[in-house]
């Protein structure tokens, strides 16, 4: 199969290689997906850069956890009717060396989710980590139906998906944006009200948000947002944080304590399996009910993976970056192992 990989960490153009590797074979309760599109997340780039200082977990890594395509082979214990199914997948390179930047990927059957007919493979490749993280961020503190949820960071992939999923779950959704593009994205995602942190005095902003009475915050940057979150939340409020610009953020301990505010820290690789299952079902339901999914800013071929990684590194994108791996108009050569 054609694949992209790295055997050492470093700059994209220095370490990423595109070439031929042996086709993988699914084991028990696994499926093999013929990949049509591979999604790139910031975490994929950070692993390749060794941004977290963990080094190489495997001698060779095919990057990217998320993708979409067609199941063409199955292992024992997988229903035969899964062969030929259009799917999106998540976690392909979580605790595994070989992700979706290849013509084939093998994952557990549970991680291969039926892709709604209305969604393209490119859109399916954008789901995975950001959509599952968004669902967990919305629901980790309990049901949100009939409540008000505040989403920090309108315009980001996880934040915009959180807005859509919170609305789908029956919540009123407030969003904080810091640019015209972010505000427009939050509105498109379905936010009932969008506040502009770049246009308003902080005290006035806090007062307006408090008047809207959110009880739960989805936080994109704990270091930057924790003080505003604390000020805006009532007694017993909750925060779900999935990222931080500072690895050791300062927090207003006593104000949080006196208001009995709970902070949930979210690491997507280790969400409980039932939470991932619930997220996948909710994501598909949202797509089926009209959510258009993520905006795609760039689509490049697998051979341009280094350029694609550099686009993600630079940030400030108006959407996701996707690699087109294969044109899967139909599935052929399908087998049971």
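The values are calculated or read from the model by the stated rules, or taken from the named source; none is laboratory data. Quantities reported herein were computed from a predicted structural model and do not represent experimental measurements. When we count neighbours, we look across all protein chains shown, and the Cβ atoms used for this are built from the backbone with ideal geometry, even at glycine.
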* Unique residue being at pLDDT below 95 and touching a strand residue (DSSP E or B) at 6+ places or on another chain (Cβ under 8 Å) when the list is 82, 73, 96, 86 -> 96
* To do: State yes or no: is residue 151 in a strand (DSSP E or B), in contact with a helix residue (DSSP H, G or I) (Cβ under 6 Å, 6 or more places away or on another chain) and over 19 Å from residue 275 (Cα atoms)?
  => yes
* Could you tell me which numbered condition residue 85 fails, if it satisfies all but one of (1) without any contact (Cβ under 8 Å) to a residue 40 or more places away in the chain; (2) farther than 21 Å from residue 4 by Cβ; (3) under 19 Å from the mean Cα position of the chain (by Cα)? => (3)
* Being under 21 Å from residue 306 (Cβ atoms) and surrounded by 13 or more Cβ atoms within 10 Å (Cβ to Cβ) is the filter here, so list the residues in the stretch 18-34 that pass it. => 18, 21
* Structure fact -> Checking 68, 12, 37, 4 in turn, the sole residue that is over 20 Å from the mean Cα position of the chain (by Cα), crowded, with 24+ Cβ neighbours inside 10 Å and within 19 Å of residue 324 (Cβ to Cβ) turns out to be 4
* Confirm whether residue 93 is surrounded by 24 or more Cβ atoms within 10 Å (Cβ to Cβ) and in a loop (DSSP other than H, G, I, E, B). => yes
* Asked: Could you say which residue among 182, 236 is surrounded by 21 or more Cβ atoms within 10 Å (Cβ to Cβ), over 18 Å from residue 128 (Cα atoms) and free of Cβ contacts under 8 Å to residues at least 60 places away in the same chain?
  -> 182
* **Hey, residue 288 more than 16 Å from the chain's Cα centre (by Cα), under 25 Å from residue 165 (Cβ atoms) and surrounded by fewer than 20 Cβ atoms within 10 Å (Cβ to Cβ) or not** => yes
* For residue 212, state whether it is crowded, with 22+ Cβ neighbours inside 10 Å, on the phi < 0 side of the Ramachandran plot and modelled with pLDDT of 90 or more. => no
* Sole residue being touching a helix residue (DSSP H, G or I) at 6+ places or on another chain (Cβ under 8 Å) and either under 29 Å from residue 72 (Cβ atoms) or not assigned by TED's automatic domain parsing to the domain that holds residue 111 (or both), chosen from 286, 304, 318 -> 286
* Asked: For the stretch 275-283, does any single residue satisfy the condition of being outside the structural domain of residue 218 (by TED's automatic domain parsing), outside any helix (DSSP H, G or I) and closer than 19 Å to residue 41 by Cβ?
  -> no
* Structure fact -> residue 332 passes all but one of the listed conditions (1) modelled with pLDDT under 95; (2) surrounded by 17 or more Cβ atoms within 10 Å (Cβ to Cβ); the exception is number (2)
* Asked: Applying the selection to the stretch 96-118, what residues are part of a loop (DSSP other than H, G, I, E, B), touching a residue at least 60 places away in the same chain (Cβ under 8 Å) and surrounded by fewer than 22 Cβ atoms within 10 Å (Cβ to Cβ)?
  -> 103, 116, 118
* To do: Under 7 Å between Cβ atoms, at least 6 apart or on separate chains: pull out the pairs that start in the stretch 242-269 with a residue that is assigned by TED's automatic domain parsing to the domain that holds residue 226 and end on any residue that is assigned to a strand (DSSP E or B) and surrounded by fewer than 17 Cβ atoms within 10 Å (Cβ to Cβ).
  => none
* Asked: Does residue 297 satisfy being in a helix (DSSP H, G or I) and either under 21 Å from residue 41 (Cβ atoms) or outside the structural domain of residue 230 (by TED's automatic domain parsing) (or both)?
  -> no
* Subset of the stretch 243-274 [under 26 Å from residue 93 (Cα atoms) and in contact with a helix residue (DSSP H, G or I) (Cβ under 6 Å, 6 or more places away or on another chain)] -> 244, 245, 246, 266, 268, 271
* Residue among 215, 196, 167 that alone is over 16 Å from residue 137 (Cβ atoms) and either in contact (Cβ under 8 Å) with a residue 12 or more places away in the chain or in contact with a helix residue (DSSP H, G or I) (Cβ under 6 Å, 6 or more places away or on another chain) (or both) -> 196
* residue 44 fails exactly one of the following numbered conditions: (1) buried (at least 20 other Cβ atoms within 10 Å of the Cβ); (2) closer than 22 Å to residue 109 by Cβ. What is the number of that condition? -> (2)
